[in-house]
Amino acid sequence: MTNSDSLEFPDFEVESLDDAEKILAIFKNIEDYFDNIETGEVLPTTTYETLTKALDWFPYALGRLEEGKDKFIDDTETKDKIQDALDILNTIHPTIETIINDSDELKEREGQVNGS
């Protein structure tokens with residue numbers, strides 16, 4: 001599993017192609033992390049906390065990316081980088097709550113079995 005310490009959920013603005021490339025790299029790192037999460041089991045605490053942090057950060061990131069996209073209507077390269085980051089966010093975001101909820105349900109079931 002990827003080390004959650006390497007994940008960033010930064011405050012950012014997209015003011016240039018360089019900014020767009022940097023934030024896209026952050027989103028690719030987040031995507032790699034999520035691709036390595038083993039589902040169907042209770043999540044380790046650090047993974048659970050990282051998912052929760054991502055869930056809290058994504059609405060902010062979405063807003064910033066949309067603002068950035070609006071700034072670069074005539075700059076296809078920068079706009080494409082921003083869109084790639086948006087695509088990653090839109091792919092990962094819907095699954096986070098499901099992963100968290102599944103882990104919570106498994107934890108609850110284990111507690112009922114162990115507590116019975």
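Across segment 70-82, what is the total count of residues that are assigned to a helix (DSSP H, G or I), within 12 Å of residue 14 (Cα to Cα) and either open to solvent by 50 Å² or more (accessible area, probe 1.4 Å) or of a type in the set (A, V, I, L, M, F, W, C) (or both)?
Number of matching residues: 5.
Being of a type in the set (Phe, Trp, Tyr), in contact with a Ser or Thr (Cβ under 7 Å, 6 or more places away or on another chain) and closer than 21 Å to residue 105 by Cβ is the requirement here; does residue 33 meet it?
Judged against the criteria, residue 33 is not a match.
Within the bounds of segment 75-82, is there any residue that is in contact with a Lys or Arg (Cβ under 7 Å, 6 or more places away or on another chain) and either touching a residue at least 12 places away in the same chain (Cβ under 8 Å) or of a type outside the set (Phe, Trp, Tyr) (or both)?
yes
Residues checked against (1) of a type in the set (Ser, Thr, Tyr); (2) in contact (Cβ under 8 Å) with a residue 24 or more places away in the chain; (3) exposed (fewer than 13 other Cβ atoms within 10 Å of the Cβ):
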site: 24; (1), (2), (3): no, yes, no
site: 40; (1), (2), (3): no, yes, yes
site: 47; (1), (2), (3): yes, yes, no
site: 63; (1), (2), (3): no, no, yes
site: 86; (1), (2), (3): no, yes, no
site: 102; (1), (2), (3): no, yes, no
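The values are calculated or read from the model by the stated rules, or taken from the named source; none is laboratory data. Please read all numbers here as calculations on a predicted model, not as lab measurements. Please note: Cβ atoms are built from the backbone with ideal geometry, for glycine as well, and neighbour counts cover all protein chains shown. Protein only, heavy atoms only, side chains kept; ligands, DNA and RNA dropped before computing areas. Shrake-Rupley method; radii C 1.70, N 1.55, O 1.52, S 1.80 Å.
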